Amino acid sequence: MKRLIPIFIHLFVFFNVFTHWSLQAQDQQKPPIAVNGVMDLRHWDFDRNGSIDLSGEWLFYWQQLLSPQDLDSESLAEKTGILSLPAYWDSFKISDISLPGEGYATFVLTLLLPEEQGNLAFLIKDIQTAYLLYANGEKIIAVGTVGTDKDSTVPRYSPTIVGFSPQNRELTLVLQVANFHHRQGGVFDSIKLGREKEIREIRESRLVIEILLTGCIFIMALYHLGLYLLRRRDKTAFYFGIICGLVTIRALITGERYIDQLLPGVSWEFIHKMEYLSFYLAVPAFALYIRSIFPREFSNTILRTVQAIAFVFSLVVLVTPASIYSHLIYFYQIFTTAFAAYLFFVLALTIKRKREGSVILPIGFLFLWIIVTNDILHANSVIHTGYFLPVGIFIFILSQAFLISHRFSKTFQVIENQAAELSLTNIAYRRELTERKKLEENLVESHEKFERSRIAIILGLAKLAEYRDESTGMHLERMREYSRILAKALSLSPEYKGYITGAYIDDLYQSAILHDIGKVGVSDSILLKPGKLNDKEFDIIKNHCTIGGDAILNVESKIKIQSFLTLGKEIAYNHHEKWNGTGYPHGLTEKRIPLSARIVALADVYDALTSERPYKKAFSHEKARAIIIEGDGQHFDPLVVQAFILRENEFNAIRKSFGDI
């Protein structure tokens, strides 16, 4: 029964991840679809029902690049047919012959809009491999260069949001698409239409969650590679670190394609090669990892075969263009499926032979393979769910952490059994003490390593929100120190004595730096603006509280970790609330604001006042002190202000010690 507990835990986490969006959509109105090139949205309420995918039947003109003016011409060529999007055009047949992947085409859809329209926006992800979109005759977005041959076509990936304001209730979309660089061409993902604010929130939320997961996996890659450098005899950590590194690369170049923001202008060919290589190389890396754990069950011949096949496919990717190597992906997917079947056989052997970890590892691998299968089907346009490999790896990492915890508990049990046996004689007793001390030291060392890993993850996530702003300097380091000083002072007051414990102070010290994690969802044009923000810009930047809090809440609900994420969520949501209720985002008052957010609010204001920014000089400690005292009972909790006054000399010392370079 005890062995079934982790299985149920994993099933629960997996169910939450993959049913979240479907459960949200159950109560919504069934969305309309396009029929014969027309989508009737006259009864669709964007405010109540949300955004909609422009899926269904689009008019399809093969080997024609039509402009809006061409559609009004009497000499317009006859349409090739109707194509249901999203789909690759090689699914369309003419005289029972499928169209080739290379070519160009025009797609046309007429939207009948509701009377109340307002500001709308399109969310466009992947269209293979260059496109140009017109709306009622106006060119609104072009990604890459659309041409009629390979020389005149420039491919590009760039998920984009395009806002517009319809002038009438009928909107005609003309979408030109060209592909001469990939095995398949067409509209890979549905184009989404909705209120501009909601569309941007959808994109930003997805982006933040992907960055959080990618950051965690990247930190785990560094952590395991570091373990290998300290103990090179055990290569398991090295192989697992390589797997995490490859997944990090793949997460950056698929899904929301965050690589486009990190490296604007990076070539399409480079992105595509990295996408294929991260998949091809992950298979032999995973084979090495499993064999390092179960060397007796994993065949050395199979390992060499996997390495050879992966090497050949990877070499083809490196020396040929995508128009060639992309055709080989089907064969590698078949090979991956066969290899997975062999892995299941190996893991079944480990269960039969009762190897250590033979129950936990297969469960984690099962979830990982389900997600890999999803990604393969999504890549081939069989289903349209999205890429979830980072989620699968994260669940797999959790299964490994559980396996390590199981080993720790087993070690303690061995210690207890040894203590009972070795207590028969004095010599045996001394031996038992020696062995126990050594094991305890190893456990303490392992615990310290895990704690350092947790701290590294927190700091890595916080740095994601700060990396774009070079003026923030040592802001995060000062924030955690100021927050710890205030918490220690408050722990001595009668009101919080016993509530603010050592563990609370440690969690606050680490979580305070997550206060502005939501700024990853704010555009550079606003975040890095040197002058004063206007009202609209200030309303946008205020959303970072909700974006950050929602992102941490989403991760917390899926991975079931309480402690520092709980405080981080409170701080991200509420560090701009004010004692008198004039703050944002919810206008909370007094003790309805979480204590952690009240503490960080004062620390954040003090650091902002005493730090130099492009739009102001740094205030002196005395001036900042006067401003904070003036906000006593208005902006700040009076008890937190008292704690600041009591420890203001320490604040001033931290300000000088951690000054910006």
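Scanning the range 191-216 for residues that are among the aliphatic types (A, V, I, L, M) and surrounded by fewer than 21 Cβ atoms within 10 Å (Cβ to Cβ), we see that the one that is nearest to the chain's Cα centre (by Cα) is 209.
With respect to (1) touching a Phe, Trp or Tyr at 6+ places or on another chain (Cβ under 6 Å); (2) assigned to a helix (DSSP H, G or I); (3) not charged (D, E, K, R), the lone exception for residue 576 is condition (2). Within the range 172-190, being part of a strand (DSSP E or B) and under 18 Å from residue 268 (Cα atoms) holds for 177, 178, 179, 186, 187. Could you tell me whether residue 107 is outside any loop (DSSP other than H, G, I, E, B), modelled with pLDDT of 85 or more and closer than 13 Å to residue 59 by Cα? Considered against the rule, which asks whether it is outside any loop (DSSP other than H, G, I, E, B), modelled with pLDDT of 85 or more and closer than 13 Å to residue 59 by Cα, residue 107 comes out as yes. Restricting 550, 506, 539 to those that are in the same structural domain as residue 605 (by TED's automatic domain parsing) and farther than 26 Å from residue 258 by Cβ reduces the list to 506. Of the helices (runs of 4 or more DSSP H) entirely within the range 467-551, those holding at least 3 residues that are closer than 21 Å to residue 606 by Cβ occupy 475-491, 502-511. None of 287, 282 is farther than 23 Å from residue 208 by Cα, in contact (Cβ under 8 Å) with a residue 40 or more places away in the chain and surrounded by 20 or more Cβ atoms within 10 Å (Cβ to Cβ) except 287.
For the range 586-604, the set of residues classified as in a helix (DSSP H, G or I) and in contact with a helix residue (DSSP H, G or I) (Cβ under 7 Å, 6 or more places away or on another chain) consists of 596, 597, 598, 599, 600, 602, 603, 604, listed by residue number. Using the structure shown, decide if residue 619 is in a loop (DSSP other than H, G, I, E, B) and either among the hydrophobic types (A, V, I, L, M, F, W, C) or without any contact (Cβ under 8 Å) to a residue 40 or more places away in the chain (or both). In short, yes.
Restricting 625, 613, 655, 592 to those that are in contact (Cβ under 8 Å) with a residue 24 or more places away in the chain, among the charged types (D, E, K, R) and farther than 14 Å from residue 478 by Cα reduces the list to 613.
The values are calculated or read from the model by the stated rules, or taken from the named source; none is laboratory data. Just so it is clear, the model here is predicted, and its values are computed rather than measured. Reconstructed Cβ throughout: ideal geometry from the backbone, glycine too, with neighbour counts over all protein chains shown.
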